[in-house]
Amino acid sequence: MLVGNREQLECEGEVQNIPVQIQGHYLYISAYVLPIAAAELVLGSQWLATLDTHLENYKERFLTFYVDGELITLQGETSNLPSLTQFHQLTRLQATNSRAKLYVIQIQTPEVSAHHLLELLTSMEPELTMTIQ
């Protein structure tokens, strides 16, 4: 199966009429089982094709459609800022063996005086000093 990043994935099966609750709405969908660890469910073009007429707004990040006469609007995430990883996400990565490396980045305030930094810069090679500045 061809996925969004143009990668070809082997489909491991298909399940029909899965009850899924999304933002308080119950939907029954059919899905392909794919070796994807980053998401629990991906609603792709096959699912969109089942909606008939629908409204997509990429700027405001919402999708509106009718299911059994009910108007449903799904609101996408409004922030592009990264969020803290939750324990269950790390557990899933470990269980599915889908991580190669894990890095932790922590911002720390330097405890070096400005005078010490100036001394350090004057003792460096000129090319390196220009790169740091």
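Within region 32-49, no residue that is loosely packed, with under 10 Cβ neighbours inside 10 Å sits with its Cβ atom under 7 Å from a residue that is aromatic (Phe, Trp, Tyr) and modelled with pLDDT of 80 or more at 6+ positions apart or across chains.
Tallying residues that are part of a loop (DSSP other than H, G, I, E, B) and at pLDDT 90 or above within region 1-36 yields 2. I'd like to check something: does region 88-107 contain any residue that is in a strand (DSSP E or B) and within 23 Å of Val3 (Cβ to Cβ)? Checking region 88-107: not a single residue is in a strand (DSSP E or B) and within 23 Å of Val3 (Cβ to Cβ). Could you list all residues from region 37-65 that are closer than 17 Å to Val20 by Cβ and in a strand (DSSP E or B)? The answer is His54, Leu63, Phe65. Assess whether Gln46 counts as being of a type in the set (S, T, N, Q), over 23 Å from Leu2 (Cα atoms) and modelled with pLDDT under 90. Spelling it out, it is not the case that Gln46 is of a type in the set (S, T, N, Q), over 23 Å from Leu2 (Cα atoms) and modelled with pLDDT under 90.
The values are calculated or read from the model by the stated rules, or taken from the named source; none is laboratory data. If you're wondering where the values come from, they're calculated on a predicted model, not measured in any experiment. A quick note on method: Cβ atoms are made from the backbone with ideal geometry, for glycine too, and the neighbour counts reach across all protein chains shown.
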